[in-house]
Structures are given as C-alpha cells and as structure tokens.
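Here is the structure we will look at.
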Amino acid sequence: MRIVLATGNAGKIREFSDMLGPFGFEFVPQSEFGIEPPEETGETFEDNALLKARHAAALSGLPAMADDSGLEVDALGGAPGVRSARYAGEGAGDLANIKKLLEAMQAVPEAARSARFRCVIALARTADDPSPAFGRGIWEGVILRSPRGHGGFGYDPVFSPRGETRSVAELAAAEKHAQSHRGSALRDLHARLRSA
C-alpha cells in the first residue's frame, strides 16, 4: 500500500520504513507532493496526528499516515507534551529543546526524574475518512543529567528507558525499534489493521 507520510522528519521516515516496509507499506514523504505541514492546533496527540494525516490525504489524494509524539516529564507536570518539538520555541532544534529541558530539570533529584515518550499514529484512508485507524504506544524511562550517545533524534540523548543504563541515543536502531513508543504504536496500528 502506498501511503503519504505526513512528516518532514527524516528520522521518523526512516523508522516508519524500517518497521512497516516488510508488511508491504511504501511510504512517500509529503514533501514529494509539495505539501507543507499544517499548524498543529490540537490539544492531544490524537488531535494532532489526525489533523496532519487528513491534511496530507486531502492534498495528495492518497491514504496518509501521521504520528504525533512527545516527551512527558512528571516533574514538569507532563511538559513538554504536545509541544515537545517546539518546547524551546517555534523552529527550535533538538539541541535547544534538550538545553531547555535540562535547565528545567536541574534541581530535580534522581528519584523524581521519571518521564515517558508517548506516540499516537493516525491513518486516514481519505481526507474525510469517517473511521481513521489509530495506533498508540508509550515508553517509560527517566531524564538523564546530560546528553549521551549520537544515535536517534529529538530527546533520545537525554532519555534512558526503564531497565536500561544507556540513553536511547546509545541503542542500536533495532533495539530502539523493538522497545520504542513509535515501534509500539506501529505494531498496535498494524494489529488493528489486520483485525479489521
């Protein structure tokens, strides 16, 4: 199935292709259709994922898949949450977001540094699909005191999964896919599509 992937994030495109390519999904980034992402006005990950998927489906005429994911830090009341990619401001990059997070967490003791990555993936077969499919995944862990590793993207260098001593950025790609919130959400979505 040929699906427009509603993201410009090269890391996400690679992960989706790695994980769902073997099941017969061919992903085409929305940039190939000249599609600019919509403003993410949703208040939940579900809202934003569906908004992006419907937008890409409307402009491409193909089924579209989008994810919305982010980091929820307990000591920060769940922030940055749906604003994870824009935590340090519109257009801020990974380094700026990590810097702001570590500054906010500076006085937080080890026992209170719990956090999770949350991901929701929406598949809209058409722009007005009355029953879009969703997949959901969560990855529990803690926020480290400083970045470690060179893999992954986003907050990966400062997030250590539960039961791990390494950061996500220190995991091999296959290890990350097997454990991650996005991997869990993709497997959840795939299971729902098979059962439907």
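Nothing in this text is a laboratory measurement; each read-out follows from the coordinates by a stated rule. Because the structure is a prediction, the values reported are computed rather than measured. Glycine gets a Cβ as well: all are built from the backbone with ideal geometry, and neighbour counts include every protein chain shown.
The table below lists the values:
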read-out	value
Residues located in region 10-34, provided they are in contact with a strand residue (DSSP E or B) (Cβ under 9 Å, 6 or more places away or on another chain) and within 14 Å of GLY152 (Cα to Cα)	ALA10, LYS12, ILE13, PHE16
Near pairs, Cβ below 9 angstrom, 6+ apart or cross-chain, from region 126-139 (without any contact (Cβ under 8 Å) to a residue 40 or more places away in the chain) to any residue that is surrounded by 17 or more Cβ atoms within 10 Å (Cβ to Cβ) and part of a loop (DSSP other than H, G, I, E, B)	SER131/ARG125
Residue list for region 147-176, restricted to those being assigned to a loop (DSSP other than H, G, I, E, B), small (Gly, Ala, Ser) and at negative phi	GLY151, SER167, ALA172
Residues that are buried (at least 21 other Cβ atoms within 10 Å of the Cβ) and hydroxyl-bearing (Ser, Thr, Tyr), drawn from region 140-159	TYR155
Yes/no for SER131 being within 26 Å of LEU51 (Cα to Cα), polar (S, T, N, Q) and part of a helix (DSSP H, G or I)	no
Count - residues of region 163-179 that are surrounded by 13 or more Cβ atoms within 10 Å (Cβ to Cβ) and among the polar types (S, T, N, Q)	2
Any chance ALA112 is out of contact with any Gly (no Cβ under 9 Å at 6 or more places or on another chain) and not aromatic (Phe, Trp, Tyr)	yes
Only listed residue being of a type in the set (D, E, K, R), surrounded by fewer than 17 Cβ atoms within 10 Å (Cβ to Cβ) and at negative phi, chosen from GLU72, GLU103	GLU103
